[in-house]
Amino acid sequence: MEINRLGVDLAGLRLANPTMLASGILGLSAESLGNIVKTGAGAIVTKSVGLKPRKGYPNPTVVQASCGLINAMGLPNPGINEFIKEIREAKNFDVPFIVSVYGFSAEEYVRVAKKAVDAGADAVELNVSCPHVGETGSEIGQNPKLLAEVVRKVKTVVEKPVFVKLSPNVTNIAEIAEVTAKAGADAITAINTVKAMAIDTETAIPLLSNKIGGLSGPAIKPIAVRCVYEIHERVKLPIIGCGGVTNWRDATEFLLAGASAVQIGTAVAIKGPNMFKSIIRGINAYLKKKGLKSVKEIVGLSHCS
Ligand code: SIN
């Protein structure tokens, strides 16, 4: 009989395998997110949702860079009151459904997170790392005092796991992870995009309407692996690796660095959701070849060398 090596426990959530859809990919509708579930993803994270509807930035909001994408969408979303309908529908998914939340104050994070959980979200992921919208995202995640306040306040009202997605655009991500852990977070997602820009050489005009955006995709994978490694050395919380995963080897590298699960974003946007199947199969074959019985056995293994 084939052993089930792939199941993971993540801060109280049970995932059938360690892959997750990263926030921001394939929109906000329960229908499109449900299609990802069918491809085998172990959990789903929604695009970030705030208290009020937000249009986001005008086009262009995404440009291709070598080895990745630079995006500045500007957190477009319908607002939590409208999004609640999708959360109620997604409650029927047979994988954990995690709502990504942002706010312009600790109180806003609290209100959005509570509404998401009351509507049926299995967990929330606090976006304290979007690198290009003022007064939220990384402006909170780069400020230890504000970050701790947001996490602490959300934890006092939300009875489901609280994940916190950190920015790589800081001097010392392990220190920020420690602040997050002390404030009561249940898990850390590392990392959001790396602050970046691109300029048209003919017109001398920045390509994104917002000028500055965030780089994702294979170009940032080594940065993300380093961040996971440093966080694992510093805090005991489960870590979810994110940044540039395109195949099972990338995913395995994150697990070896200390991640308990891995989010996939840009590769799904570019190559489509069938990525999940091949990554899951590859991790399983790797564990089998090494004679291991569970993903847990390789989490953080690179720290032993
Ligand atoms: C966006 O909506 O602009 C991206 C969100 C993020 O970078 O976290």
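The single condition among (1) within 16 Å of the ligand (Cβ to nearest atom); (2) of a type outside the set (Phe, Trp, Tyr); (3) surrounded by fewer than 23 Cβ atoms within 10 Å (Cβ to Cβ) that Ala148 does not satisfy is (1).
So, of the residues in the stretch 91-142 that are of a type in the set (S, T, N, Q) and under 23 Å from Thr39 (Cβ atoms), which turns out to be surrounded by the fewest Cβ atoms within 10 Å (Cβ to Cβ)? Before the answer, list the steps.
Let us first name the residues in the stretch 91-142 that are of a type in the set (S, T, N, Q), namely 92, 100, 105, 127, 129, 136, 138, 142.
After this cut, where a residue has to be under 23 Å from Thr39 (Cβ atoms) as well, the list is 92, 100.
Values: Asn92: 11, Ser100: 26.
For the stretch 91-142, the residue satisfying everything is Asn92.
Take Ile3 and tell me if it is of a type in the set (A, V, I, L, M, F, W, C), over 19 Å from Ala123 (Cβ atoms) and outside any helix (DSSP H, G or I). The answer is yes for Ile3.
Name every residue in the stretch 51-62 that is within 13 Å of the ligand (Cβ to nearest atom) and either touching a residue at least 24 places away in the same chain (Cβ under 8 Å) or surrounded by 14 or more Cβ atoms within 10 Å (Cβ to Cβ) (or both), in order of residue number.
Initial filter on the stretch 51-62 (within 13 Å of the ligand (Cβ to nearest atom)): 54-62.
Matches in the stretch 51-62: Arg54, Gly56, Tyr57, Pro58, Asn59, Pro60, Thr61, Val62.
How many of the residues making up the stretch 69-98 are small (Gly, Ala, Ser) and within 13 Å of the ligand (Cβ to nearest atom)? Quick ask: steps written out before the conclusion?
Keep residues of the stretch 69-98 that are small (Gly, Ala, Ser), which gives 72, 74, 79, 90.
Filter once more, so that each one left must be within 13 Å of the ligand (Cβ to nearest atom): 72, 74.
Counting residues in the stretch 69-98 that are small (Gly, Ala, Ser) and within 13 Å of the ligand (Cβ to nearest atom) gives 2.
Only residues that are in contact with a Pro (Cβ under 8 Å, 6 or more places away or on another chain) and not aliphatic (A, V, I, L, M) were counted in the stretch 182-237, giving 9. Is it true that Gly243 is buried (at least 19 other Cβ atoms within 10 Å of the Cβ), of a type in the set (Gly, Ala, Ser) and in contact with a Phe, Trp or Tyr (Cβ under 9 Å, 6 or more places away or on another chain)? In short, yes.
Of the set (1) within 12 Å of the ligand (Cβ to nearest atom); (2) surrounded by fewer than 18 Cβ atoms within 10 Å (Cβ to Cβ); (3) among the β-branched types (Val, Ile, Thr), all apply to Thr46 but (2).
Take the conditions basic (Lys, Arg), crowded, with 16+ Cβ neighbours inside 10 Å and either touching a residue at least 40 places away in the same chain (Cβ under 8 Å) or under 21 Å from Gly265 (Cα atoms) (or both) and apply them to Lys160. Does it pass?
Yes, satisfied.
Is it true that some residue in the stretch 204-225 is over 23 Å from Gly137 (Cα atoms) and surrounded by fewer than 24 Cβ atoms within 10 Å (Cβ to Cβ)? Looking through the stretch 204-225, at least one residue is over 23 Å from Gly137 (Cα atoms) and surrounded by fewer than 24 Cβ atoms within 10 Å (Cβ to Cβ).
Tell me the helices (runs of 4 or more DSSP H) entirely within the stretch 235-305 that contain at least 3 residues that are modelled with pLDDT of 95 or more.
Details: elements: 248-257, 266-271, 275-289.
Passing ranges, in order: 248-257, 275-289.
Taken over the stretch 201-237, the residue count meeting the criterion of being without any contact (Cβ under 8 Å) to a residue 40 or more places away in the chain and among the aromatic types (Phe, Trp, Tyr) is 0.
Residues in the stretch 11-32 that are surrounded by 24 or more Cβ atoms within 10 Å (Cβ to Cβ) and not in a loop (DSSP other than H, G, I, E, B): Thr19, Met20, Leu21. When restricted to residues that are touching a residue at least 12 places away in the same chain (Cβ under 8 Å), of a type outside the set (A, V, I, L, M) and surrounded by fewer than 21 Cβ atoms within 10 Å (Cβ to Cβ), the stretch 264-294 contains 11.
The values are calculated or read from the model by the stated rules, or taken from the named source; none is laboratory data. As the structure is a prediction and not an experimental result, all values here were calculated from the model. In this analysis, Cβ positions are derived from the backbone assuming ideal geometry, glycine residues included, and neighbour counts consider all displayed protein chains.
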